[in-house]
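Below: one structure, written as structure tokens.
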Amino acid sequence: MIRALWFLCIAATMWFALIPPEMGGLGGTSYHGVAFMVLGLLTPAAFPRVPLVAIWILLLVFGGGIELAQGMMNVNRHSEWDDFVTDAFAATVGIVYYRIWLYLRARMARDDASSEEESDSASQDRK
């Protein structure tokens, strides 16, 4: 399920980044930031066995590819370094949020397990 959502986000990012503005293409740093923060969060969740550094590099390659394609197209699109830097920063933020989510999820699981053990030992003491 998460991979299907990831694929949909990749496809939407490419679509809105590469179609002409007259056809609904979205451009600008804020759109790049949102797209790559979401991808930075979803990509490690969709592919948990891939090292985070590799995911970050692949997202940079993807962002760079978008900028190169925009530069080569003659449809009122322009490649910009600011967008690429935003892609890199937003992907980093998304990956960091993913790591924070993993940490919090593991901590909550430990807390749940320890509270269950405490309740089991308390019920054993009552018997």
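Please give the FRET efficiency for HIS78 paired with ILE57, using the beta carbon to beta carbon distance and R0 = 22 Å, rounded to the nearest 0.05.
0.35
Just order 103-109, 14-20, 2-8, 83-89 by mean Cβ neighbour count inside 10 Å, highest at the front, would you?
Per-residue mean Cβ counts within 10 Å order the peptides as 83-89, 14-20, 2-8, 103-109.
Search the structure for amide H atoms under 5 Å from the amide H of SER79, placed 1.01 Å from N in the peptide plane, and list their residues when 5 or more places away or on another chain.
Residues meeting the amide H criterion: GLY71.
Using a Förster distance of 41 Å, how high is the FRET efficiency between ARG107 and PHE7, based on the Cβ-Cβ distance and rounded to 0.05?
So the FRET efficiency works out to roughly 0.85.
For HIS32, what charge total do you get from the other residues with a beta carbon under 14 Å from its beta carbon, if Lys and Arg give +1 and Asp and Glu give -1?
With Lys, Arg at +1 and Asp, Glu at -1, the neighbours total -4.
Just name one of ALA12, ILE2, HIS32: the one whose Cα is farthest towards the positive end of the charge dipole of the chain (beta-carbon charges, Lys/Arg +1, Asp/Glu -1).
ILE2
Can you give me the angle between helix 29-46 and the longest principal axis of the chain, using Cα atoms only, in degrees from 0 to 90, rounded to the nearest 10?
40 degrees
What does the net charge come to around GLU67 if you take all other residues with beta carbon closer than 13 Å to its beta carbon, with K and R at +1 and D and E at -1?
-3
Read-outs throughout are calculated quantities, based only on the coordinates presented, and are distinct from any laboratory measurement. This structure is a prediction, so every number in the text was calculated from the model and none was measured. All Cβ positions, glycine included, derive from the backbone under ideal geometry; neighbour counts span all protein chains shown.
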